[in-house]
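A short reminder: the numbers here are calculations on the coordinates, not readings from a lab. Predicted model only: the values in this text are computed from it and were never measured. All Cβ positions, even for glycine, are placed from backbone atoms using ideal geometry, and neighbour counts span all protein chains on display.
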Amino acid sequence: MHDIVVIGAGPAGMTAAIYARRAAKTVLVLEAVTPGGQIINTPDIENYPVEAHISGFDFSNRLHEQAKGLGAEFALEKAVEIRDEGDQKVVVTTKGEHAARAVILATGSENRKLGLPDEARLTGRGISYCATCDGNFYRNKVVAVVGGGNTALEDALFLADIAQRVYLIHRRDSFRGEETTVARLKARDNVEFVYNANVTGLVAEKRLKAIEVTDKLDGSVRTIELNGLFVAVGRVPENQNFASVVKLDESGYVVAGEDCHTSAEGIFVAGDNRTKALRQLVTAAADGAMAATEAVRYVNEH
Ligand code: NAP
């Protein structure tokens with residue numbers, strides 16, 4: 001029996017592990033893929049206090065080392081269910097079961113898809129959801145990025161250094177992401193902005209060859225020939241496996257306030273998978289601290 005099982009080894013989950021270990025609780029962190037979470041794909045983090053520049057990969061590794069150094073255990077197992085047995089919670093994974101007195105859900109989110117026919121088949125054949133992972137395959141080639149948030153803007157900037165030409169396609173005429181990044185992109189002569197437009201078709205043989213882009217204002221359709229399409233249209237929370245034990249909102253986020261309490265006693269939530277106004281590295285870490293503190297209090301009182 002662990003005091004606390006944390007589901008998800010992103011910045012929120014690993015920060016929770018640090019706080020729980022510093023309160024002398026036993027902690028097991030479960031991770032389906034690799035420790036780090038989505039930040040691992042960010043080439044350069046510029047908005048985390050103290051470090052002016054650090055790659056997401058280095059950030060994740062250092063956080064992982066810090067949590068392990070304090071005695072947190074890690075296991076590569078995907079959690080598929082929680083059985084809430086009152087004072088004991090059982091986390092069921094693809095490899096077995098782990099009993100805990102409290103659980104912290106820090107599962108983060110996964111890439112939202114465009115929902116186009118053939119999108120899945122062409123993933124890895126011209127369609128990518130990660131510019132830092134796949135950008136180098138498109139050296140001196142033509143690519144498009146779709147989306148208007150910070151991820152799309154940063155992906156476009158990263159690709160502008162590699163590719164011959166970058167189209168940035170957004171469904172509105174103003175961006176959700178930061179103005180400073182928009183200004184940097186506008187200064188690049190190999191970046192073309194395509195506003196008020198949706199990608200409505202994929203043209204492919206074995207690989208993606210072109211995309212069809214529909215102008216939302218006049219309905220005209222433009223075909224853009226390219227080698228790669230980077231989809232950066234946001235993320236969806238990974239809470240489906242826990243919908244029967246904690247309350248989710250209509251978008252699938254775990255309903256919780258700043259205290260990170262869920263609708264189930266002894267189950268807490270931290271990071272991008274909870275209802276909140278600002279999903280950033282620093283707020284994920286803050287959630288980790290809060291959720292762990294509340295989980296420790298719960299364990300001490302039960
Ligand atoms: P996001 O901020 O939610 O932006 C998603 C973008 O995709 C929006 O511009 C949205 O358009 C568009 N979109 C959504 N569904 C679409 C669809 N079906 N077709 C076309 N476009 C669609 O997501 P994100 O960029 O992945 O960022 C997630 C969070 O991480 C944000 O809080 C972001 O600030 C943060 N982040 C921060 C950094 C950083 O601070 N360095 C880096 C990366 C991400 P609308 O604008 O019209 O809704």
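To the nearest ten degrees, helix 56-69 and the longest principal axis of the Cα atoms of the chain are 10 degrees apart.
Available extension along the chain between Ile54 and Glu73 is 4.3 nm, counting 0.36 nm per residue and deducting the alpha carbon span. The label-point distance for Gln280 and Gln66, in a model that sets each label 7 Å from Cα toward Cβ, rounds to 1.7 nm. When shorter helices are ignored and each DSSP H run of at least 4 residues is given -39500 (n - 2.57), the per-residue value for the chain at 222 nm works out to -7500 deg cm²/dmol. Setting aside same-chain residues fewer than 8 positions from Lys68, which lysines have a Cα under 25 Å from its Cα? List returned: Lys25, Lys78, Lys89, Lys95.
What the phi angles of the stretch 282-292 give under the Karplus curve with 6.51, -1.76 and 1.60, with θ = phi - 60°, is a coupling list of 5, 7, 5, 4, 4, 4, x, 5, 5, 4, 5 Hz, glycine and proline written as x. A full extension of the chain between Glu178 and Arg222 corresponds to an added length of 13.1 nm, given 0.36 nm per residue minus the alpha carbon distance. Around Ile7, under 12 Å between beta carbons, what's the net of Lys plus Arg minus Asp minus Glu among the other residues? Spelling it out: positives minus negatives among the neighbours equals -2.
Taking 10 °C and 1.306 mPa s as conditions, the stretch 119-231 diffuses translationally at an estimated 115 µm²/s according to Stokes-Einstein applied to its Kirkwood radius (Cα pairs).
This model, with +1 at the C-beta of Lys and Arg and -1 at the C-beta of Asp and Glu, gives the stretch 119-231 a dipole about its Cα centre of some 280 debye. Between Val236 and Thr34, the simple label model (points 7 Å from Cα in the Cβ direction) yields a spacing of 2.5 nm. For the pair Arg171 and Thr123 in one chain, pulling the backbone fully straight at 0.36 nm per residue adds 15.1 nm over the alpha carbon distance.
Modelled spin labels at Asp259 and Asn196, positioned 7 Å past Cα toward Cβ, are 4.8 nm from each other. Relative to the longest principal axis of the chain, what angle (0 to 90°, nearest 10) does the C-alpha long axis of helix 11-22 take? It works out to around 20 degrees.
The dipole here belongs to the chain: it is taken about the Cα centre, uses +1 on the Cβ of Lys and Arg and -1 on the Cβ of Asp and Glu, and is about 620 debye. Centroid-to-centroid, using Cα positions, the stretch 278-298 and the stretch 50-125 are 15 Å apart.
Specify whether the C-alpha gyration tensor of the stretch 239-293 places it in the rounded, prolate or oblate class, a ≥ b ≥ c being the square roots of the eigenvalues: rounded for a/c under 1.5, otherwise prolate if a/b is larger than b/c and oblate if not. Oblate shape, in that a/c is at least 1.5 and b/c is the bigger or equal ratio. Of the GluC sites (Glu not before Pro) found in the stretch 136-199, those that fall in a DSSP loop while having at most 16 other beta-carbon atoms within 10 Å are Glu178.
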